Each structure stands twice: as C-alpha cells, then as structure tokens.
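The values are calculated or read from the model by the stated rules, or taken from the named source; none is laboratory data. Computed from a prediction, not measured in an experiment: that's the story for all the values here. Positions of Cβ are generated from backbone atoms using ideal geometry, with glycine treated the same way; all protein chains shown enter the neighbour counts.
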Amino acid sequence: MIRLAIVGLGKMGLSHLAILRAHPQIQLVAACDANAYVTDVLGKYAGLKCYADYDRLLAEEPLDAVLIATPSRLHADMVTKALERGLHVFCEKPFVLDVADGERLVALAEAKQRVTQVGYHYRFVGAFQEAARIVRSGALGTVHHVRAEAYGPVVLRAKGGTWRSAKSEGGGALYDYACHAIDAVNFIAGVPGSVSGVVRHGVFSRDVEDEIYCSLHYADGASGQLCVNWSDESFRKMSTKISVWGTNGRVTADRQECQVFLREQSQSLPDTQAGWTVRYTTELTDEVWFYLRGEEYSAQIDYFAKSIEAGRLDGENSFRSALQADRVVAMILSEAQVAQPVAAEAAARKGRLARAWAELFK
C-alpha cells in the first residue's frame, strides 16, 4: 500500500480525498489544512487524522507520497519539503508561479528519483487523447494552425472572488484557466516556441486578468491562437476546446467529443475514413473504479499510484512536462510587459493627435 497524505482541503482537495480513500492501492493516512472546521469534521465523522501544520505532518507521519492541493503560491515550498524527505509528489496545477522554482524542483525530483505528477486532468480525457493520437499519426498532413479556447463562469462581478483571483495567491485566469488550455495544446500539438500579440484584460478583477488572448508561434512555421475568458456566464462550467488544422484536414476536441475531418484517408490512421468522423468521450474513455466529477480525475490518481508502483519517473504530467506550460505562461507575461508601454505610447500619441486637430479647427 502507498501511504499518502493530502495537503489542502478546498474544492479540489476534497474531491481528491474522496478518490484517494476509494483507491485500492492507496492508504490515506492523514490530511492537512489550516481550516479547523474542515479538519474537525473530517476527524469526527470520517475518522481521518488531520494536521494544521504541514511541517509537523511531514515530521510525524511515515509517508510514501503527498498530494498537494493548496493555493498556487504555496506549491514550490511544499513540494521542496516533500522531495527533500524522499516522497513522491502529486501537485495540483499550476505547477509553480515562477519558472526558476520549477526548474529547481525538476532537478531535485530527478536527483531524488521520485515520481512526480501535476493535475492537468485533460490529458486523461478520452477525446483529448484521441486528438493527440490523430495529430501524432501524421494523418492531418503538415500542421499549420492550432487554436485553444477555455471559457467559463468564475469571476462574474466586480467584488468578491477567491484566492484564485488574487495575483499573489493563484495568478488569475492566466494560471487558473489558461494553463489548462496551454497544457492541452502542448499535449496535442506540441509546445510553441514564442508568443505575440498578448491581450490581458480585467473584466471585473482589478488585481489579475479575466481574459487572455495571444498568438502562438512554432519553430516549423505553424501558428496558433489562445483565447481564454473566465468571466463568461454563457457557459455553465469550464469549457475547453482544442482545434488543429493540417494540410489534409482538421481535428477538434472538447470534453464531450473528438471530431476529425480528413480530405483523404491516411495510411497512418487506417481506422478513420475520409470525410467526417466523430468519436465521443464515452466510447473513448476507459472505465474507472470510482467516479467523481469525471473519469479523468480518478484516472490521473490511478496513474500516479501505478507510476509509484512501477517506478515510472517519466510518465504523463511529470514536473518536467508541467514546466513546459509554465514556460509558455512566462512568455505571455513577458510579452505583455513589452506590449503595455507600446500600447500606452500609442494611446498617448492618439490623444496628442486629437488635441492637435482640435486646436487646428478651433
């Protein structure tokens, strides 16, 4: 049995807790959270040993692994302490808020030979896995464009919000929403080499952006678009879609289905005819032993457990893989910082021109 503790008992933490307790190869020995109400309830009604202090948990409990589901700014320090004690680590996304921290943690995990995984659950959704299979087969021909979209109703008013909408805690829509779409692009179409034309706009938030748009650029000349808005009430919940265009067709995937259009059938994809083919997540997803919110959440925990048992250090969603998403986010932030002074100067120039014309026609 894998002796595991969970740290962080918010929405995702409680979901993970339920899955962990149902897993046949995992013994959930303890939980940790600063919220005394939550830990008291779990201790009283679920019989789970709980801690308020992470350092004490690590010092007192004989563990094989930890699952960290705390606010993003805490990830780097908590992951460091777990790895230094020789523990395998599952960390919720985003991996870290600073690429330098991520590089250090990748090196530490590899030096310690520990299994690592980050909670980018879309890689365990059947429709996205099918899209990745199609692209990698080469059946689309030469890929020339990629589009990633993520919309949902998170920040819908000017006041209020959670730690996710605080710059120092969660990083806003860029880290909380866009990172999912970015990781899905990396998984399905490959990692872009640069970005441009970044737009970061606060619809309701003052501290962080609520929507992000930018262009993606690949070394082979392919282009892409990233479109993210977590202040879109027309969606009941988060909706993510990835589309890839090639010289021989297109593939589009979301949580429900994978659609592919081929101009001509490809020998590299003999199970797919020319024209339209639609495959649904229900037929593409393997059954899991425990269902909560979606098969992908249980599947990723099972994958983590199996990676520990097999000593698989280079599996899906490793720290090294997740760091690629963080690097793209860093490129977006860097490009936005360059674009802001340019935009400000353009606005100032426009204002000066308008005043000049007004003065001329007085």
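Checked against the criterion of being in contact with an Asp or Glu (Cβ under 7 Å, 6 or more places away or on another chain) and either part of a strand (DSSP E or B) or outside the structural domain of residue 258 (by TED's automatic domain parsing) (or both), the range 174-182 has no qualifying residue. Residue count for the range 1-27, restricted to those that are more than 18 Å from residue 85 (Cα to Cα) and either among the aliphatic types (A, V, I, L, M) or outside any helix (DSSP H, G or I) (or both): 16. For the range 97-113, does any single residue satisfy the condition of being at pLDDT below 95 and surrounded by 16 or more Cβ atoms within 10 Å (Cβ to Cβ)? There is at least one residue in the range 97-113 that is at pLDDT below 95 and surrounded by 16 or more Cβ atoms within 10 Å (Cβ to Cβ). Among (1) closer than 20 Å to residue 68 by Cα; (2) crowded, with 24+ Cβ neighbours inside 10 Å; (3) at pLDDT 95 or above, which single condition is residue 172 missing? Of (1) closer than 20 Å to residue 68 by Cα; (2) crowded, with 24+ Cβ neighbours inside 10 Å; (3) at pLDDT 95 or above, only one is false for residue 172: (3).
Of the helices (runs of 4 or more DSSP H) that lie entirely inside the range 53-113, those containing 2 or more residues that are closer than 16 Å to residue 307 by Cβ, in contact (Cβ under 8 Å) with a residue 40 or more places away in the chain and assigned by TED's automatic domain parsing to the domain that holds residue 17 span 99-112. Checked against (1) crowded, with 20+ Cβ neighbours inside 10 Å; (2) out of contact with any His (no Cβ under 6 Å at 6 or more places or on another chain), residue 36 meets all criteria but (1). Whenever a residue of the range 185-212 is on the phi > 0 side of the Ramachandran plot, its partners that are of a type outside the set (Asp, Glu) and crowded, with 19+ Cβ neighbours inside 10 Å, lying with C-beta atoms within less than 9 angstrom and at least six residues away or across chains, give the pairs 190/135; 190/143; 190/146; 190/222; 197/214. Summed over the range 134-154, the residues that are among the small types (Gly, Ala, Ser) and part of a helix (DSSP H, G or I) give a count of 1. Residue count for the range 275-294, restricted to those that are charged (D, E, K, R) and either within 30 Å of residue 248 (Cβ to Cβ) or modelled with pLDDT of 95 or more (or both): 3. Among the conditions (1) surrounded by fewer than 17 Cβ atoms within 10 Å (Cβ to Cβ); (2) closer than 30 Å to residue 66 by Cα; (3) touching a helix residue (DSSP H, G or I) at 6+ places or on another chain (Cβ under 6 Å), residue 291 misses just one, which is (3). Note on the range 222-307: enclosed strands (runs of 3 or more DSSP E) holding 1 or more residues that are of a type in the set (A, V, I, L, M), farther than 17 Å from residue 184 by Cβ and without any contact (Cβ under 8 Å) to a residue 24 or more places away in the chain are 275-280.
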